[in-house]
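J.: Have a look at the structure that comes next, please.
The values are calculated or read from the model by the stated rules, or taken from the named source; none is laboratory data. The shown structure was predicted, so the numbers you read here are calculated from the model rather than taken from an experiment. Positions of Cβ are generated from backbone atoms using ideal geometry, with glycine treated the same way; all protein chains shown enter the neighbour counts. Surface areas here come from the heavy atoms of the whole protein model, side chains and all, with no ligands, DNA or RNA. Shrake-Rupley method; radii C 1.70, N 1.55, O 1.52, S 1.80 Å.
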Amino acid sequence: MDKYNERLVYGKTEPKTYFKLFLVSLLMMASFFAMLTISSFFLFIAVLSIFLLFRVLDWTRLEYEYTLTNGDIQIAKIAAAKKRKEVMTINLSDMKSLENKSSGKVQNDLRRTGNFEIFDFTEQVKGAEYYALYVKTTKNDRIVILDLDENSLEHMKLFMKSKFNAKIIPDKKTELNGETE
């Protein structure tokens, strides 16, 4: 029987999205100015730039979906809960180890950027506990930073066995009026 686990986490908006937003805004302002001074042809460009603006704004509300199936991980990027784009698939056989991001080994490897390709699929909140997955590739090895919950970690521990070096830190529950969320 297949083991399956799914996790959805918020992501931080990428810098290239802000750059695209800037370019589309610039195009929109220039086309409005040109429409008023030169020709009404630029109305078409203004309408097109408004359409592009809304498309780019969708990518500012970013989420990542981790799908774990028998130890394999599929990572997808979801924009505004509408558009889904597969970003990466990691096979269990390519995984070298799973560590806490806060460990000394991972922090040292993150500083040595020439040796690893680093992919961060988290919200990037300071102080939050994330996990670093070392993945072997044909070129530079990769460090993939993930925001895994207890269920996902138990799933990975089941399949990674000796490659699983992370300490499972329970999710912090908040209490409101004596009730836990």
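J.: Give the residue, chosen from L110, L98, L68, L92, that is at negative phi and in contact with a Gly (Cβ under 6 Å, 6 or more places away or on another chain).
T.: L92
J.: Considering only helices (runs of 4 or more DSSP H) fully contained in the stretch 1-111, which possess at least 1 residues that are at pLDDT below 85 and open to solvent by 60 Å² or more (accessible area, probe 1.4 Å)? Even if it seems obvious, please write down each step before you answer.
T.: On the way: elements: 15-37, 42-58, 104-111.
In the stretch 1-111, the matching helices (runs of 4 or more DSSP H) lie at 15-37, 42-58.
J.: Could we say that E129 is under 18 Å from M156 (Cα atoms), open to solvent by 50 Å² or more (accessible area, probe 1.4 Å), assigned to a loop (DSSP other than H, G, I, E, B) and modelled with pLDDT under 90 here? Explain how you work it out, then say what you get.
T.: On the way: under 18 Å from M156 (Cα atoms): yes; open to solvent by 50 Å² or more (accessible area, probe 1.4 Å): yes; assigned to a loop (DSSP other than H, G, I, E, B): yes; modelled with pLDDT under 90: yes.
Yes; evaluated as a whole, the condition is true for this residue.
J.: A follow-up question, please. In the stretch 112-121, which residue that is at pLDDT below 90 and either farther than 11 Å from I143 by Cβ or of a type in the set (K, R) (or both) is surrounded by the fewest Cβ atoms within 10 Å (Cβ to Cβ)?
T.: Once the filter is applied, the top-ranked residue is G114.
J.: Identify all residues within the stretch 141-170 that are open to solvent by 70 Å² or more (accessible area, probe 1.4 Å) and over 12 Å from Y66 (Cβ atoms); write none if there are none.
T.: Of everything in the stretch 141-170, those that are open to solvent by 70 Å² or more (accessible area, probe 1.4 Å) and over 12 Å from Y66 (Cβ atoms) turn out to be E150, E154, K157, L158, K161, S162, N165, K167, I169, P170.
J.: Mind checking whether some residue in the stretch 6-24 is more than 30 Å from I145 (Cα to Cα), in contact with a Ser or Thr (Cβ under 9 Å, 6 or more places away or on another chain) and among the hydrophobic types (A, V, I, L, M, F, W, C)?
T.: Taking every residue of the stretch 6-24 in turn, at least one turns out to be more than 30 Å from I145 (Cα to Cα), in contact with a Ser or Thr (Cβ under 9 Å, 6 or more places away or on another chain) and among the hydrophobic types (A, V, I, L, M, F, W, C).
J.: Could you check how many residues of the stretch 142-165 are within 20 Å of the chain's Cα centre (by Cα) and either among the aromatic types (F, W, Y) or assigned to a loop (DSSP other than H, G, I, E, B) (or both)?
T.: Total meeting the criteria: 3.
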